[in-house]
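Presented below is the structure to which this report refers.
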Amino acid sequence: MPRSGKVSKRRSTLKKSQPKVVVTQDNDPLAHHFRRFWKVIGFFFIGVAIGVLILCGAVGFYVYRYMHTVARSAHSSIRTLLQTAYVGWNTSIDAVDSREIFLLLGVDTLATRDSDAINTDTIMVISVNTQNGNSTTFSIPRDVWISNAQVKINGLYNLALKNKDPHPELATQKEVSAMTGLPIQHTIVIDISTLGSVIDAVGGLDVTVDRSFTDTQFPREGVDVRTVKDPKVLYETVSFTKGVMHMDGKTALEFIRSRHSSDPIEGSDDARVLRQQKVIASLLSKLQDTSIVKHPNEIGSLLGLYSQHIEQYVPFTQVIALGRQFLILKKVPKLTSYQIPIQGFADHPVLYHPAVGPFGEWIYAPLDPTWKQLQTLVHTWIQ
C-alpha cells in the first residue's frame, strides 16, 4: 500500500511538471501558409492595379499626343475635333433611295490663265450606295452644249458668277441633275491645285499610265501671260511612261491637265477625262485605306484642307455620318468608273459631235435631246 501511494504521487508530480502546449495562429503551420497565400494574392492584385494604371496612363498619353498632332496639323483644337466627331456621329446621312450623290466641279486657273473666265473643266458625278458602301463615278464632257443657256456646260459656273449668283455652283448642278435624272445632294467646287495639295498630304498616289505620251505645250506655272510671249517660257515639256507610276501632287496635276500631246488619243479631251477619273479613283482608294490612321500628321493636313476648301459645300459632320455607315457595313467599299459613250468611239453612243456647232464652237450634243437615253444608262450604272 505505501508503495502504491508513492507511485501515484510520482505520477501526479509528472503531470504537474509537463508544460502545457497552446496552439495559436503564430505557431500554427496551416495559418502561416494561409497568411503567406493571401499576402501573395494581395501583392499580385496591387501589382495588377498599378500595371493597369500605368497602361491607362500610357494609352491616355498616346491618345492625347495623337489628337494633339492631328489638331495642330489641322490648325484646330482637340475640343473642336471631338465636338465635330460627336455631332457627326449623331447626324443622319443625306441619302435619297439609299444613294448620296455628289457633283465635283474642278476649276483650273492655270488652264484659263489667258482668260478671265472661270470654267469648270472637270464635271464628275460620284454616287455612293449607303446600303453596301459601293461608289460609282462618271464624268460629263466639258463641251456638252446646254441649249437653253446657249453655252457649253463648263461655262455655266462662270455665267452664274458674272450674274453675281451667291451659289454659282447650283447652275451646273441643276443641269447635270436634269441630264442624268439624279437628285444631287452636294456640289463641291475645288481648284485643281487644291487637289494637288490633297495628293501630297496622303503621300502621293500610284496611278496606272495606259499609254506613253509627251506634251510639249504644257502651260508653265508662275508666268505672266500678259507680258511674256516667248513659247519657251510659256510652256514646258511633260512626259509619262506606260505602267504604274507613283505621282506627287505636281506630277498628278500635270497628268490630268495635259491636253496637247501629239498622240492622237492622249491629246484628246476624252483621254484627259479618263486620266482625271484614274487620279480621283486612286485618291479615293488611298483615303479608304485604314493604314492612314497611323499617320496623324496626314490626317490633320487633310482635315485642314477640307475645312478650308470643302466644308462650305459639305459639312464635315456629313462625312463622319457617311463614315459611320461604312463602319456599320464592315466591308471595303468598291469604286467603279464609267464614261459616257461618244459616237465614233463606242457602241450605243449617247453623245455626238455636230459638224457645225452653235456660233461655230466645237461641242457635244445628245443623240436623244430629251436625255432619256443617258438617264437609263446612268441608272444602270448606279444599281
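The values are calculated or read from the model by the stated rules, or taken from the named source; none is laboratory data. None of these values were measured; they are calculated from a predicted model. Heads up, the Cβs are rebuilt from the backbone with ideal geometry, glycines too, and the neighbour counts pull from every protein chain shown.
Please enumerate the residues belonging to segment 174-199 that are more than 27 Å from G267 (Cβ to Cβ), in contact with a helix residue (DSSP H, G or I) (Cβ under 7 Å, 6 or more places away or on another chain) and free of Cβ contacts under 8 Å to residues at least 60 places away in the same chain.
If the condition is that a residue be more than 27 Å from G267 (Cβ to Cβ), in contact with a helix residue (DSSP H, G or I) (Cβ under 7 Å, 6 or more places away or on another chain) and free of Cβ contacts under 8 Å to residues at least 60 places away in the same chain, then E175 is the only one that fits.
Looking at segment 67-91, which of the residues that are in a helix (DSSP H, G or I) and in contact with a Lys or Arg (Cβ under 9 Å, 6 or more places away or on another chain) is surrounded by the fewest Cβ atoms within 10 Å (Cβ to Cβ)? Walk me through it before giving the result.
Filtering segment 67-91 for residues in a helix (DSSP H, G or I) gives 67-73, 78-89.
Those still in the list that are in contact with a Lys or Arg (Cβ under 9 Å, 6 or more places away or on another chain) too: 71, 88-89.
On the way: A71: 20, G88: 18, W89: 13.
Step by step, filter segment 67-91, then rank; the result is W89.
What pairs can you find where one residue is in segment 366-383 and on the phi > 0 side of the Ramachandran plot, the other is in a helix (DSSP H, G or I) and surrounded by 12 or more Cβ atoms within 10 Å (Cβ to Cβ), and their Cβ atoms are less than 9 Å apart, with a gap of 6+ or different chains?
Here the result reads W371/A178; W371/M179; W371/T180, each pair linking segment 366-383 to a residue that is in a helix (DSSP H, G or I) and surrounded by 12 or more Cβ atoms within 10 Å (Cβ to Cβ).
From (1) over 26 Å from V209 (Cα atoms); (2) small (G, A, S); (3) more than 15 Å from the chain's Cα centre (by Cα), pick out the condition that doesn't hold for A271.
A271 satisfies every listed condition except (1).
Return the residue satisfying two criteria in turn: it lies in segment 229-278 and is of a type in the set (S, T, N, Q) and surrounded by fewer than 16 Cβ atoms within 10 Å (Cβ to Cβ), and of such residues it is farthest from G196 (Cα to Cα).
The initial filter retains those residues of segment 229-278 that are of a type in the set (S, T, N, Q), namely 237, 239, 241, 251, 258, 261-262, 268, 276-277.
Applying the additional criterion that residues be surrounded by fewer than 16 Cβ atoms within 10 Å (Cβ to Cβ) yields 237, 239, 241, 262, 268.
Working: T237: 19, S239: 18, T241: 20, S262: 25, S268: 22 Å.
My answer is S262.
For the condition modelled with pLDDT of 85 or more, more than 19 Å from the chain's Cα centre (by Cα), of a type outside the set (S, T, N, Q) and not in a loop (DSSP other than H, G, I, E, B), what is the one hit in V279, V244?
Details: V279 fails: more than 19 Å from the chain's Cα centre (by Cα).
Going through V279, V244 in turn, the sole match is V244.
Here are T69, T80: which of them is modelled with pLDDT of 90 or more and farther than 30 Å from E175 by Cβ?
Details: T69 fails: modelled with pLDDT of 90 or more.
Step by step, each of T69, T80 is checked, and only T80 is modelled with pLDDT of 90 or more and farther than 30 Å from E175 by Cβ.
Kindly establish whether I320 is under 28 Å from the mean Cα position of the chain (by Cα) and within 18 Å of E175 (Cβ to Cβ). Walk me through it before giving the result.
Details: under 28 Å from the mean Cα position of the chain (by Cα): yes; within 18 Å of E175 (Cβ to Cβ): no.
Against the criterion (under 28 Å from the mean Cα position of the chain (by Cα) and within 18 Å of E175 (Cβ to Cβ)), I320 does not qualify.
Of everything in segment 333-349 that's of a type in the set (V, I, T) and part of a strand (DSSP E or B), which residue is farthest from the chain's Cα centre (by Cα)?
Let us first name the residues in segment 333-349 that are of a type in the set (V, I, T), namely 336, 340, 342.
If we keep only those that are part of a strand (DSSP E or B) too, we end up with 336, 342.
On the way: T336: 16, I342: 31 Å.
That would be I342.
Kindly indicate whether N129 is surrounded by fewer than 20 Cβ atoms within 10 Å (Cβ to Cβ) and modelled with pLDDT of 90 or more.
Working: surrounded by fewer than 20 Cβ atoms within 10 Å (Cβ to Cβ): yes; modelled with pLDDT of 90 or more: yes.
Yes; evaluated as a whole, the condition is true for this residue.
Just give me the residues in segment 311-332 being out of contact with any strand residue (DSSP E or B) (no Cβ under 6 Å at 6 or more places or on another chain), within 25 Å of T194 (Cβ to Cβ) and either assigned to a loop (DSSP other than H, G, I, E, B) or of a type in the set (V, I, T) (or both), in sequence order. Please lay out each step first, then the result.
Step one: list which residues in segment 311-332 are out of contact with any strand residue (DSSP E or B) (no Cβ under 6 Å at 6 or more places or on another chain), which gives 311-312, 315-332.
From what is left, the residues that are within 25 Å of T194 (Cβ to Cβ) are 311-312, 315-323, 326.
Answer for segment 311-332, where residues must be out of contact with any strand residue (DSSP E or B) (no Cβ under 6 Å at 6 or more places or on another chain), within 25 Å of T194 (Cβ to Cβ) and either assigned to a loop (DSSP other than H, G, I, E, B) or of a type in the set (V, I, T) (or both): E311, Q312, P315, T317, V319, I320.
If S291 satisfies all but one of (1) farther than 29 Å from T172 by Cβ; (2) free of Cβ contacts under 8 Å to residues at least 24 places away in the same chain; (3) surrounded by 20 or more Cβ atoms within 10 Å (Cβ to Cβ), what's the number of the condition it fails?
(3)
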